[in-house]
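Report on one structure; see the data block that follows.
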């Protein structure tokens, strides 16, 4: 009976120790992620205690499962990344030593966890890419990540497009953007011990364009419309707050009349297609012809060049 009591006490103490270490781990993670999520610059006085607490938790790793041990190494690697950039900006000679330890922690996290291996590779890849801007240094990670759903590369440069607009007429035209960028979406997945696909990370597609010129023609009334947008965001949702145009309002022998207008628009994008709605606001004073101020449009865009991520 006494032995059972001692066993019960030991189990309760072990459970309390695990809970205490898990709470410490969660607190460190939340504290560190708060800085990353809100892009708060961490000061040295804040960073050193975090790394010290992570050191203590890793030393007492016998109380934490394999998943948390790998996550602790990954968190310490991210903390040391912040520390490295601080030292590098100050031109301190200790920055290479910190960099070596950060890369060592990333490798340990990758080797320790089978399930989160792709996620930690992706985090290390982002760090190395930001640091060296070289493809060859992370080719092994990129090869593995592609097998888990990662998409390497983005599209940038001139963007061409075709557009259909419907108000009280049918308009067809072309669109060209002086510069745009499209980062494709991807979902990083891996198999767990039961063979089920586990989603580790999802990044939605991000796209924006600058200085877009649009030319439209009314297929029924032989009128034309010009448009210029300073900046537009096309993914994941379409939003164009800076569109100003010139629309032909009447065609007479020897006389063509135009109207300046402002047209904010929004919509939803999928792949290269965008379905949106725009509101037509005349800018000219005086007599304004009766025009339909509501329009829907379908836009297809194609970036012309692709670069490695």
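What follows is calculated from the coordinates using simple rules that are stated; it is not laboratory data. If you're wondering where the values come from, they're calculated on a predicted model, not measured in any experiment. Cβ: placed from backbone, ideal geometry, glycine included. Neighbour counts: every protein chain shown.
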Taking neighbour counts of Cβ atoms within 10 Å as a proxy for exposure, in what order, fewest first, do 108, 156 appear? 156, 108
Along the Cα→Cβ direction, 7 angstrom out, place labels at residue 213 and residue 166. What is the inter-label distance in nm? 3.0 nm
Theoretical FRET efficiency, 1/(1+(r/R0)^6), r = Cβ-Cβ of residue 256 and residue 158, R0 30 Å, to 0.05: 0.50
Fewest to most Cβ atoms within 10 Å: 255, 246 sort as 255, 246
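What FRET efficiency comes out for residue 178 versus residue 126 if R0 is 30 angstrom and r is the Cβ-Cβ distance? Round to the nearest 0.05.
My answer for the efficiency is 0.60.
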Using Cβ contacts closer than 10 Å as the measure, can you line up 78, 104, 181 from fewest to most? 104, 181, 78
dims of region 155-307, Cα set, principal axes, largest to smallest, nearest Å -> 76, 27, 26
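Using 0.36 nm per residue of separation minus the Cα-Cα distance, give me the extension gain between residue 270 and residue 283 in nm, one decimal.
1.5 nm
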